[in-house]
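Colleague: Take this structure first; my questions come after.
The numbers here are math on the coordinates, done by the rules we state, and not lab data. Given the structure is predicted, the values throughout are model-derived calculations rather than measurements. Glycine also receives a Cβ, built like all others from the backbone with ideal geometry; neighbour counts cover every protein chain displayed.
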Amino acid sequence: MTWDEPAVRRVLRPPADYRLAASVRALTFSPYDPCARIAAGTFWWATRTPTGPATLTLHASGGELVAEGYGPGADQVVERADAVAGLRDDLAGFADLAAGHPLVAELAARHRGLRLPATGQLFPRVLRAVFEQKVTGKEAYRAYAATVRHFGEPAPGPFPLLLPPEPATVAATPYWVFHPFGVEQRRADTLRRAAALADRLERCADSAEATRRLTAIPGVGPWTAAEVVRIAYGDPDAVSVGDYHLPNTVAWALAGEARGDDARMLALLDPFRGHRGRVCLLLAAAGIQAPRFGPRMPIRSFARF
């Protein structure tokens, strides 16, 4: 069998209102993510499994969702395809909670086909989240993409993707290797510490345990942990406390207040407990933003220092 031939195929039957691209877009860092891509209506996702590297594809066909896997880990990614697609996302109780706020109720109806993916894998999301700490999105993507390309292991399958780097390799890499990618020693050391504990992190039973173990790592706080568990476990309650924009967005959307802090954000989200992260996702999907009064954060380079 060649990499042009899928090793495993599975047909899923999503709800009629399901939206593939909207649901899996959280698994891509940008339209040019070296590890995951949406192209011509097909989602491509490269990853590592206990049985080896794999690429999963998802595409809609006649009301069905077709999952295909390539590589030694094909069986595992296809088995988890429904979770990766967001089809294990449990919306139970959310409609009643959403009805308590007119905007949330409207967004829940408008974006009812949006589901939360759950990859079951922590380290690939840790890689991205650590690079996103306290920098602009462009800086974070540059560091992430440069790191993936530095290690540069091709993923199986006909689409040109790269695998996320092996945690053991990242853990053994000196911090200064990340310097030309725009990553200072603090974030590089945080990533290396998380990589050294990746096996233990991947064995976490649930989102709560993963959050405890993640936040015990120096350099990993509530924001990073929430960004990870929302994707790895599909946690609908994970709120990115400490985000630069999110408190303002929530305050503006839910209370008409142009500015808010973490405490105000959590108070406004409390009526949606159990689905607080889902509410934040709906606000993002709708493109809601608080008014901006200050200058944008500058893009900096650490490579010359």
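Colleague: Please work out how much length the chain gains when fully extended from T215 to A286, using 0.36 nm per residue of separation minus the C-alpha to C-alpha distance, in nm with one decimal. Walk me through the numbers on the way to the answer.
Modeller: Values: separation 71, 0.36 × 71 = 25.56 nm, distance 3.02 nm.
Net length gain for the segment: 22.5 nm.
Colleague: Residue by residue through segment 42-48, what is 3J(HN,Hα) from phi via Karplus (6.51 cos²θ - 1.76 cosθ + 1.60, θ = phi - 60°)? Round to whole Hz and write x for glycine and proline.
Modeller: Calculated HN-Hα couplings, in order: 10, 9, 10, 9, 9, 7, 10 Hz.
Colleague: What helices does the chain have that are whole DSSP H segments, at least 24 Å long along their own axis by Cα, and with mean Kyte-Doolittle hydropathy of 0.0 or more? Before the final figure, lay out each step's value.
Modeller: Working: long enough: none.
Span-like helices in the chain: none at all.
Colleague: Still on this model: With a/c under 1.5 counting as rounded, go ahead and sort segment 123-224 into rounded, prolate or oblate using the C-alpha gyration tensor (a ≥ b ≥ c being the square roots of the eigenvalues; past the cut-off, prolate if a/b is larger than b/c, else oblate). Before the final figure, lay out the partial values.
Modeller: Working: a/c = 1.64, a/b = 1.21, b/c = 1.35.
Cα axes put segment 123-224 in the oblate bin.
Colleague: While we're on this one: Which value, in debye to the nearest 20, describes the size of the charge dipole of segment 56-115 about its Cα centre when Lys and Arg Cβ atoms bear +1, Asp and Glu Cβ atoms bear -1, and nothing else is charged? Intermediate results must be reported in sequence, preceding the final value.
Modeller: Details: 5 positive and 9 negative charges, 43 e Å.
Charge dipole of segment 56-115: 200 debye, to the nearest 20.
Colleague: For V250, V8, what's the fewest-to-most ordering of other Cβ within 10 Å of each Cβ?
Modeller: Values: V250 27, V8 19.
By the 10 Å Cβ count, ascending: V8, V250.
Colleague: Could you list which residues have their amide H under 5 Å from that of L162, counting only those 5 or more apart in sequence or on another chain, with H placed in the peptide plane?
Modeller: Placed amide hydrogens put C35, A155 under 5 Å from L162.
Colleague: Follow-up question, since we're still on this one. For segment 246-285, what class follows from the C-alpha gyration tensor (a ≥ b ≥ c being the square roots of its eigenvalues): rounded when a/c is under 1.5, otherwise prolate if a/b is larger than b/c, else oblate?
Modeller: On the way: a/c = 1.97, a/b = 1.27, b/c = 1.55.
Here segment 246-285 falls in the oblate category.
Colleague: So I have (i) 73, 53, 33; (ii) 56, 54, 34; (iii) 103, 46, 33, and one of them is Cα extents along the principal axes in Å calculated from this model. Which one is it?
Modeller: (ii)
Colleague: Same structure again: Efficiency by 1/(1 + (r/R0)^6): what FRET value for S61 and R25, r their Cβ-Cβ distance, R0 = 25 Å, to the nearest 0.05? Intermediate values should be presented prior to the final figure.
Modeller: Values: r = 20 Å, r/R0 = 0.78.
That gives a FRET efficiency of 0.80.
Colleague: Obtain the nm distance between the two label points defined at A255 and H150 by a simple spin-label model: each point lies 7 Å from its Cα along the Cα-to-C-beta direction.
Modeller: Distance between label points: 4.2 nm.
Colleague: By how many nm would the segment from E79 to D206 grow when fully extended, if each residue of separation counts as 0.36 nm and the alpha-carbon distance is taken off?
Modeller: Values: separation 127, 0.36 × 127 = 45.72 nm, distance 1.89 nm.
Working it through step by step, the gained length comes to 43.8 nm.
Colleague: What FRET efficiency, computed as 1/(1 + (r/R0)^6) with R0 = 25 Å and r the Cβ-Cβ distance, is obtained for R193 and K134, rounded to the nearest 0.05? Write down the numbers at each step before the final one.
Modeller: Working: r = 17 Å, r/R0 = 0.68.
It comes out at approximately 0.90.
Colleague: In addition: So how do 62-69, 255-262 stack up, highest first, on mean other-Cβ count within 10 Å?
Modeller: Working: 62-69: 17.0, 255-262: 13.8.
Peptide ranking by packing, descending: 62-69, 255-262.
Colleague: Neighbouring Cβ atoms within 10 Å as the yardstick, rank W45, W252, W176, W223 fewest first.
Modeller: The most exposed by this proxy come first: W176, W252, W223, W45.
Colleague: Among I231, I217, I288, what is the fewest-to-most ranking by other Cβ atoms within 10 Å?
Modeller: Working: I231 23, I217 19, I288 15.
Ranking I231, I217, I288 by Cβ neighbours within 10 Å, fewest first, gives I288, I217, I231.
Colleague: Evaluate the distance, in nm, between pseudo-label points positioned 7 Å from the Cα of R13 and of A263 along their respective Cα→Cβ axes.
Modeller: Those two pseudo-labels are separated by 5.2 nm.
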